[in-house]
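> For reference, the structure I am asking about is given below.
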Amino acid sequence: MNSRIRIVFSCLGFLAGIVMVRAAWLQLFPNEQIRKSAERQFQTSVSLKARRGAIVDRHGRDLALSETAYSLFADPQVLKTPRRTARWLAHELGQASEALIAKFADPQKRFVWVARTLDSKTRDRIQSKKIRGLGWIEEARRIYPNENLMGPLLGFLGSEGQGLEGLELSYDQLLNSRQRKMDVRRDARGRPLIVDGQIFRESLEGLELQLTLDLDLQHQLEGELKQAVMEFQAEQAMGVILDARTSAILAMANTPGYNPNQGAQVPSEWRRNRSVTDLFEPGSTLKTFAIAAGLREGKLTPSKVYATEQGRFKVGDRIIREAEASHNWSELSVIDILALSSNIGTTKIAFEVGADKIRQSFSDFGFGSKSGVDLPGEVRGQLAHLPWNPVQLSNISFGQGISTSALQVANAYAAIANGGVLNQPFIVLAQKDVHTGRVEITKPQSICRVLSFQQSSQMRNMLVAVTGEKGTGKTARVEGFLVGGKTGTAQKPNPNSRGYLPDAYLSSFVGFVPAENPQYVIAIFVDHPKSRSYYGSQVAGPVFSRLASYALRKQGVSPLLSSAQ
Amino acid sequence: MHFIKPLGSVLVIVGAMAAVAHLRTYERLLGYELWSLHREQRLASEEKKRLSIELAKLSRPQYVEGVAQRQFDLKKISQKQLIRLQPLPEVQAPLRLGDKLN
């Protein structure tokens, strides 16, 4: 009996020994396949939800935000009553039931989208029905609470959360933070075991962008542009407001614009931020820079007088005329050439300064090259290479045969307003890491000095004369403040052939306020006004005046002059 | 008496193992609590986000302007509504006893 028990125990002991030796072997010399299998058994994946960073204005008001949304999918093979489910879902989601029935009827598919980016209430309502074969995926939805305001500037996202236009595109990398998965150990019920708090330390939110834009100023600008388009039956309008000292963009708009919440449904030509992407011949607003070139080269003083040939001046085989037949001046001072916007006077100045110096001056003021603004799609404009024939020099001196963007013109005026330094315009004031609180503030960048302080002061004084009693820019005045600026009424080039379109103009006013210590540079361009008037002084001047008045009042700038002065 | 020493050792070992097991269980419990708190925090932050979006929609300038004009009959500001700030005249403080006269 005893021997039998011994044998049985010995056998069991031997088997236990084998198991123990094997266990020890596996512990000491782990097998890769078994290790992977164990990991699968004890590990689970936790999704760390990413959220795109917000965009706010200079005062911290929200312009673009992301919220969690829920996307519904279905597995048609698991659905018990596909037709009934499709009809019920269509009713709940406000969709056509036929499309859903067709989706669910495909026996090959194991995954079909039912609806994307639904809110939590809709998800709870559908989830409460506990329908087998329906599932949810968490996604982020981008919201633009200001709707139509600054649509072309902000841009919008594609269906996979990638920036497609505007700032959403140019700052896509910084704003975006990709969703990540993290492997953690799990318990028997599949719940993740939190051991070292790693999940909570992970931050996946993109950077928050604080813009230089002022939401109120933007609203005023867009409202005024819309009103101008309606009043003058124009094709479109553009406007830019810059901080005169730094070239920070305070407002930028074109109308018609669009609502970025429905960005994908809008035709592509409406999505353009035209102040940066579109080129045009600026017309008389460029005379300022021909005169600035004369000042730079020491060829003229504000009081120097030029013969203006009674309104007709032959250059090569062409006759240069003033804008109106009644403008048959015989001679004008430089101040008057600018104030009355004389084509012949500007031509005479350009001839005296010379094509190479005029071109150099225009190039220094930023024409013909990108300003370097942090917005997508910026164009460089066209500034013809030398040599220029006399007709070409004459035309370019008063803004024909050269193309610029609205931002380029505004920025060049900012250089005159701020004491002679050309700055790089910018729109992002700061980048903020919401988790660490680290803020990176954008420093304004100077490109080059284009005028001495004294020359810029002389230019400002001459531009103030434009809004004087006999100047073309009288309508741009702001009660109580000195305004400097220049009107423009440019013929529109014919896109299909040489020459210009009949009765098609770009009306503009570009200026700065208050002229003695400029804070704002405002550029207004109204494209092809068809009713009432087409002169820059009558179409764009009043828009400038209202905007400047609002901006100064908002900023709390005290008036310099009483209404009687 | 000579049984006490091994018994004590066994008790110490068993006690230590029980303490380790208890601490591990406690760590797990804390982990679960942390997980559920994390979920609650996430829901709260989502709610906060939703409310801030609603606030941004309600405070957008075009909406505020519309409400001001429709419901409160306010008019759009005009260019002439500028307030001219005059410097305040200097007011001399009244003399008190002990003040020196110039």
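Here, each number is a calculation from the coordinates, and none is a lab measurement. Keep in mind that what you see is a predicted model, and the values were worked out from it rather than measured. We place every Cβ from the backbone using ideal geometry, glycine too, and count neighbours over all the protein chains shown.
> Mean 1/r over all different Cα pairs, inverted: what Kirkwood radius does the range A:376-462 give, in Å?
15.9 Å
> Round to the nearest 0.05 the FRET efficiency obtained for A:Ser531 and B:Gln69 when R0 = 22 Å and r is the Cβ-Cβ distance.
With a Förster radius of 22 Å, E is 0.25.
> Averaged across the residues of A:141-147, what count of C-beta atoms belonging to other chains lies within 10 Å of each residue's C-beta?
The per-residue average across the peptide is 5.
> Here's something else I'd like to know. Do the sum for chain A: with -39,500 (n - 2.57) for every DSSP H run of n ≥ 4, divided by all residues, what is the mean residue ellipticity at 222 nm, to the nearest 500 deg cm²/dmol?
About -10000 deg cm²/dmol.
> Something else now. Stretched out fully, how many nm does the piece from A:Ser10 to A:Asp356 gain, at 0.36 nm a residue minus the Cα gap?
Working it through step by step, the gained length comes to 113.7 nm.
> Rounded to the nearest 0.05, what FRET efficiency do A:Glu138 and A:His91 have when you use their Cβ-Cβ distance and R0 = 30 Å?
For R0 = 30 Å, the calculated efficiency reads 0.80.
> Excluding residues fewer than 8 places away in the same chain, name every one of the lysines whose C-alpha is closer than 28 Å to that of A:Lys80.
Within the straight-line limit of under 28 Å, A:Lys80 reaches these lysines: A:Lys103, A:Lys109, A:Lys121, A:Lys129, A:Lys130.
> Take every residue in peptide B:49-58, count the Cβ atoms of other chains within 10 Å of its Cβ, and give the average of those counts.
That works out to 5 on average.
> Moving to a separate point now. Expressed in nm², what is the orientationally averaged projection area of the convex hull enclosing the Cα positions of the range A:478-533?
If you wrap the Cα atoms of the range A:478-533 in a convex hull and average its projections, you get 5.0 nm².
> In whole angstrom, how far apart do the alpha carbon centroids of the range A:457-503 and the range A:381-443 sit?
18 Å
> Within 10 Å of each residue's Cβ, count the other Cβ atoms and sort A:Ile522, A:Ile319 from fewest upward.
Lowest count first: A:Ile319, A:Ile522.
> To the nearest whole percent, what portion of all C-alpha pairs in the range A:320-411 is separated by more than 17 angstrom?
Percent of Cα pairs beyond 17 Å in the range A:320-411: 54.
> How big is the range A:224-369 along each principal axis, measuring the range of its Cα positions in Å and listing the largest first?
57, 35, 28
> Hey, another quick one. Can you tell me the relative contact order of the range A:432-492? Whole percent, Cα pairs under 8 Å, sequence separation 6 or more.
Computed value for the range A:432-492: 22 percent relative contact order.
> Can you tally the net charge around A:Val483? Count Lys and Arg as +1, Asp and Glu as -1, for every other residue whose Cβ sits under 14 Å from the Cβ of A:Val483.
Computed value for this residue: +2.
> Please arrange B:Ile4, A:Ile137, A:Ile349 by counting, for each residue, the other beta carbons lying within 10 Å of its beta carbon, fewest first.
Ordered from fewest to most neighbouring Cβ atoms within 10 Å, B:Ile4, A:Ile137, A:Ile349 come out as B:Ile4, A:Ile137, A:Ile349.
> Here is a further query. Find how many whole Å separate the alpha carbon centroid of the range B:40-77 from the alpha carbon centroid of the range A:273-349.
50 Å
> What nm value, rounded to one decimal, do you get for the distance between A:Glu160 and B:Lys48 when each label is placed 7 Å out toward the C-beta?
The two pseudo-label positions are separated by 3.2 nm.
> Something else now. So what's the net charge close to A:Ala86: Lys and Arg +1, Asp and Glu -1, counting the other residues with Cβ under 10 Å from its Cβ?
Here the count lands on +3.
> Still on this model: Pairs to check: A:Lys554/B:Lys48; A:Lys287/A:Lys370; A:Lys530/B:Lys57; A:Lys287/A:Lys474; A:Lys314/A:Lys492; A:Lys287/A:Lys443. Give those whose C-alpha atoms are more than 29 Å from each other in this structure.
Result: A:Lys554/B:Lys48; A:Lys530/B:Lys57; A:Lys287/A:Lys443 exceed 29 Å.
> What is the Å³ per residue value for the convex hull set by the Cα atoms of the range A:429-525?
Dividing the Cα hull volume of the range A:429-525 by its residue count gives 219 Å³.
> Among A:Tyr505, A:Tyr550, what is the fewest-to-most ranking by other Cβ atoms within 10 Å?
Result, fewest neighbours first: A:Tyr550, A:Tyr505.
> What aspartates and glutamates does A:Lys299 reach when the alpha-carbon gap must be under 15 Å and sequence neighbours fewer than 8 apart in one chain are set aside?
A:Glu352, A:Asp356
> Evaluate E = 1/(1 + (r/R0)^6) for A:Ser452 and A:Arg318, where r is the Cβ-Cβ distance and R0 equals 30 Å; express this FRET efficiency to the nearest 0.05.
0.30
> Still on this structure, I have one more. What is the Cα coordinate range of chain A on the first, second and third principal axes, sorted by size from largest, in whole angstrom?
Sorted from largest, the Cα extents of chain A read 141, 55, 50 Å.
> First select every other residue whose beta carbon is under 15 angstrom from the beta carbon of A:Ser170; then total the charges, Lys and Arg +1, Asp and Glu -1.
It works out to a net charge of -1.
> Could you check the simple spin-label distance between A:Gln227 and A:Gln41, using points 7 Å along Cα→Cβ, in nm with one decimal?
Distance between label points: 7.6 nm.
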